[in-house]
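Bear in mind that the values in this text are calculations on the coordinates, not laboratory data. Keep in mind the model is a prediction, meaning the values are calculated, not measured. Note: ideal-geometry Cβ built from the backbone for every residue, glycine included; neighbour counts use all protein chains shown.
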Amino acid sequence: MTKQTLSFQAEVKQILHLVTHSLYSNKEIFLRELISNASDACDKLRFEALNHPEMYEDSPDLEVRVSFDAEAKTLTIRDNGIGLSAEEAVANLGTIAKSGTREFMAKLDGDQKKDAQLIGQFGVGFYSGFIVADRITVESRRAGAKPEDGVRWSSEGTGDFEIESIVRGERGTSVILHLRDGEEEFLSGWKLRSIIGKYSDHVSLPILMRKEEWDAEAAKQVQRDEWVPVNKAAALWARSKSDITEEQYNEFYKQISYDTEAPLAYTHNRVEGRSDYTQLLYIPAKAPFDLWNRDKRGGVKLYVKRVFIMDDAEALMPVYLRFVKGVIDSADLPLNVSRELLQESRDVRAIREGSTKRVLSMLEALANSEEESERAKYAAFWNDFGSLLKEGVGEDHANAERLAKLLRFASTHADEGVSFADYVSRMKEGQESIYYITADSLAAAKGSPQLEIYRKKGIEVLLLSDRVDEWMLSHLHEFDGKSLQSVAKGSVDLGSLQDEEEKQQAEQASAAFKPVLDRLKAALKDRAKDVRVTTRLVESPACLVVEEGDMSGHLSRLLKQSGQSGVPSSMPILEVNAEHALVRRLDSGDHFDELAHILFDQAVLAEGGHLEDPAAYVRRVNGLLLSQP
Ligand code: ADP
Ligand code: MG
């Protein structure tokens, strides 16, 4: 074939324009694309050679070589893969609709299709070379063809390309970039190695570059004729599980997470279905310092067919699982996928759902393990990351039930590690609700006067003092058909746990106490919505509760602390213990109003609240102390 000039397909011209102008800010990706093509070409040869081993032409070691010539200002990416015939060069490098990969895929049938999962899809990566080159020359010979059947393709990336026959002994393809003025930075071994390390470390073929040495005489770096690998050439996740040691899994984790400790757990799977992908996901042993920053992107890297696409692809993991580290390698996504595209892709949604379930399974396996040591790992995980799972209860409705089972709490029964299931198994005969109290700290929760009646009756109450608890509770209303009930909201309704006698006593006490209650209401009319006699208290004189549906004191404090304005403030209800000596004395002295306010202030203090006017409280107490003989 003599030299001919052919015109690019109209779409290619558009793509060329688009690629060279819009990808310029991220121009180094051209190397990733060209190495990815070289790697695809090797995968294709490997695949065809399964049935035609002669195609290896006695050199079965597949590899990619990257080299540059500083004087000629060229950068060459050479592979010994499948190569291109003249027709293929015209079709694959001149039009888009006719992707070589597509033709290749069409040739496959049945089972072999699965084997070909590593083969690239329709794309436009090749043209990214024109971001940095004002001419690209491709020289190639197809594996198994005669040397005279080589081809040279060349273009300036504008309207047309030239094509001619050449004699080429070596199999495979060389892509030669004639760099534009100003792109000399790519004529550096150091620069190229760093780009390869960043994007192509896990390409499973060796990527070779010439050894460089400092030549003292010439006072510059010189290239030796010795080729050395510059990538790790090991896509760990693409290997079979049985070939990978625990040690290797851990090392890989440290490499991608910058963690110095081994991970707590990992999961490695090849998923086939709506979307084909491989996942290798890790749960760290310790929380990083910036875990609480919800804007921090996730730790999962996205690869497409072993080519690195992007770090921290947040579309791959829900925000609450931002502690998960690892790799997802998709066989379906296009290499030039953008963040915007990821957000919309159905494949990505399937990956995210699948990966979320995997992480939850890993946690469940630890939490429910027969082995003490595994359960201890879960306890350690919970200490560091538990609050994130609580975020998840509100964020991930599809998995809220599974998440609820993974939650652990402190309770009046044990200081930590209480699951809902534990709680339910200890519920009293006739108990219908799961009781909890929220407070600013565990100590405050434990000391809450509202717990007294539950303690007395031996009913367990969950003690919630985590900042996210209130938020979580606004999304979680029941577990296993049992409603979650705050002991500081509404009136005490222990249902059948309270006997008739007690109920009657309370009613009588309340009736007898009515005159005092009326005076208390009048004295506290600006502070309490209501004042009533309670059965909640055993030792304390008074406590505050809010009406069912009103915001708890703890939550309104949290919101105010976090700087939210316009937090609705509803007045609490003061409940008094008619049996308490202090309450009984109320009526007999002449300090009724003073005592009423002291009771109220003490109830605020007891639940960990702040007094609006502490000085007034001190004055009142001191006044009372001094009035005693
Ligand atoms: P994609 O890789 O997604 O198919 P590209 O634009 O990167 O899209 O490449 C277009 C086509 O050019 C490839 O499908 C392949 O047929 C051909 N090609 C590119 N580079 C090589 C190469 N090094 N060896 C053989 N064929 C190649
Ligand atoms: Mg490509």
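Apply the Karplus curve 6.51 cos²θ - 1.76 cosθ + 1.60, θ = phi - 60°, to the phi angles in the range 179-192 and return the couplings in whole Hz, x for Gly and Pro.
Result, rounded to whole Hz: 5, 5, 4, x, 9, 5, 4, 7, 9, 9, x, 4, 4, 5.
Fully extended, how many nm does the chain gain between ASP499 and ARG346 (0.36 nm per residue separation, minus their Cα-Cα distance)? Mind showing how you got there, number by number?
Values: separation 153, 0.36 × 153 = 55.08 nm, distance 5.72 nm.
Computed gain between ASP499 and ARG346 is 49.4 nm.
Could you go through the range 349-365 in sequence order and give the Karplus-derived ³J(HN,Hα) for each residue, using 6.51 cos²θ - 1.76 cosθ + 1.60 with θ = phi - 60°, rounded to whole Hz, and x for Gly and Pro?
4, 5, 4, 5, 5, x, 6, 4, 4, 4, 4, 5, 4, 4, 5, 5, 4
So if each residue of separation counts as 0.36 nm, and I subtract the Cα-Cα distance between ASP422 and LYS146, what length gain in nm does that give?
Values: separation 276, 0.36 × 276 = 99.36 nm, distance 7.45 nm.
The span from ASP422 to LYS146 would gain 91.9 nm if fully extended.
Suppose the chain between ASP225 and ASN269 were pulled fully straight at 0.36 nm per residue; how much longer would it get relative to their current alpha carbon spacing? Numbers along the way, then the final one.
Working: separation 44, 0.36 × 44 = 15.84 nm, distance 4.14 nm.
Working it through step by step, the gained length comes to 11.7 nm.
With each pseudo-label sitting 7 Å past Cα toward Cβ, what's the LEU582-SER194 distance in nm, one decimal?
Inter-label distance under the simple model: 6.8 nm.
Take the Cα pairs of the chain, get the Kirkwood Rh, then feed it into Stokes-Einstein at 37 °C and 0.692 mPa s and tell me D in µm²/s. The partial results should precede the final answer.
Numbers: Rh = 30.0 Å.
The calculation lands on 110 µm²/s.
Report, in degrees rounded to the nearest 10, the 0 to 90 angle that the Cα long axis of helix 614-627 makes with the longest principal axis of the chain.
20 degrees
Note the angle between two axes, namely the Cα long axis of helix 500-512 and the longest principal axis of the Cα atoms of the chain, as a number of degrees from 0 to 90, rounded to the nearest 10.
60 degrees
At q = 0.22 Å⁻¹, what base-10 log of I(q)/I(0) does the Debye formula yield for the range 378-491 when every alpha carbon is treated as an equal point scatterer in vacuo?
Once normalised to I(0) and log-transformed, intensities are -1.38.
With +1 on the Cβ of every Lys and Arg and -1 on the Cβ of every Asp and Glu, and nothing else charged, how large is the dipole of the chain about its Cα centre, in debye rounded to the nearest 20? Working shown, then result.
Numbers: 80 positive and 105 negative charges, 101 e Å.
Rounded to the nearest 20 debye, it is 480 debye.
May I ask you to evaluate 6.51 cos²θ - 1.76 cosθ + 1.60, the Karplus curve with θ = phi - 60°, for each residue of the range 564-576 and list the ³J(HN,Hα) values in order in whole Hz, giving x for glycine and proline?
6, 9, x, 5, x, 10, 9, 6, x, 9, 8, 10, 10
Rounded to the nearest 5, what % of DSSP beta bridges with both residues in the range 422-550 are antiparallel?
DSSP beta bridges in the range 422-550 are roughly 20 percent antiparallel.
Which of ARG375, ARG210 has the fewest other C-beta atoms within 10 Å, and how do the rest follow up to the most? Present the calculation step by step, with values, prior to reporting the outcome.
On the way: ARG375 15, ARG210 18.
Least to most surrounded, the residues fall as ARG375, ARG210.
Modelled label-to-label distance, LYS560 and GLU364, 7 Å Cα→beta-carbon offset: nm?
Each label point is offset 7 Å from its Cα along the Cβ direction, giving 4.3 nm.
Considering only the chain, what is the antiparallel percent among its DSSP beta bridges, to the nearest 5? Let's see the in-between values first.
Values: 67 of 87 bridges.
Approximately 75 percent, going by the DSSP bridge assignments.
As a quick test, which of the pairs LYS428/LYS489; LYS325/LYS405; LYS456/LYS503 have an alpha carbon distance above 19 angstrom in this structure? Spell out each step's value before the answer.
On the way: LYS428/LYS489 21 Å; LYS325/LYS405 23 Å; LYS456/LYS503 16 Å.
Checking Cα-Cα distances, LYS428/LYS489; LYS325/LYS405 exceed 19 Å.
Round to the nearest 10 and give me the degree value, 0 to 90, for the angle of helix 246-257's Cα axis relative to the longest principal axis of the chain.
Its long axis makes an angle of about 80 degrees.
Taking neighbour counts of Cβ atoms within 10 Å as a proxy for exposure, in what order, fewest first, do ASP58, ASP332 appear? Intermediate values should be presented prior to the final figure.
Working: ASP58 5, ASP332 18.
The order, fewest Cβ neighbours first, is ASP58, ASP332.
Using the Cα gyration tensor of the range 497-627, with a ≥ b ≥ c the square roots of its eigenvalues, what is the shape: rounded (a/c below 1.5), prolate (a/b larger than b/c) or oblate (neither)?
On the way: a/c = 2.08, a/b = 1.19, b/c = 1.75.
In terms of gyration-tensor shape, oblate.
At what distance in nm do the modelled label points of SER7 and MET571 sit from each other, each positioned 7 Å from its Cα along Cα→Cβ?
8.6 nm
Which value at 222 nm does the chain reach when only helices count, each DSSP H run of 4 or more adding -39,500 (n - 2.57), with the total divided by all residues and rounded to the nearest 500 deg cm²/dmol?
Details: 21 runs with 224 residues, N = 629.
My calculation for the chain gives -10500 deg cm²/dmol from helical runs alone.
Taking only C-alpha pairs under 8 Å that are 6+ residues apart, what is the relative contact order of the chain in percent? Intermediate results must be reported in sequence, preceding the final value.
Values: 1102 pairs, mean separation 51.9, N = 629.
That works out to 8 percent.
Assuming R0 = 35 Å, can you tell me the calculated FRET efficiency for the pair ARG519 and HIS413, based on Cβ-Cβ distance, to the nearest 0.05?
Numbers: r = 40 Å, r/R0 = 1.13.
The formula returns an efficiency of 0.30 here.
Give the average over all directions of the projected area of the C-alpha convex hull of the range 237-368, one decimal, in nm².
Orientation-averaged projected area of the Cα hull: 8.0 nm².
Share of antiparallel DSSP beta bridges in the range 237-368, in percent to the nearest 5? Mind dumping the intermediate values first?
Values: 16 of 22 bridges.
If we restrict to bridges inside the range 237-368, about 75 percent are antiparallel.
For ARG619, ARG142, what's the fewest-to-most ordering of other Cβ within 10 Å of each Cβ? Mind dumping the intermediate values first?
Numbers: ARG619 12, ARG142 24.
Ordered by Cβ neighbours within 10 Å, fewest first: ARG619, ARG142.
Can you list which of the GluC sites (Glu not before Pro) found in the range 385-474 are DSSP loop residues with at most 16 other C-beta atoms within 10 Å? It would help to have the intermediate numbers written out before the result.
Values: sites: GLU391, GLU395, GLU401, GLU416, GLU429, GLU432, GLU452, GLU460, GLU470; in loops: GLU416, GLU429, GLU432, GLU460.
Within the range 385-474, the qualifying GluC sites (Glu not before Pro) (loop, at most 16 other Cβ atoms within 10 Å) are GLU416, GLU429, GLU432.
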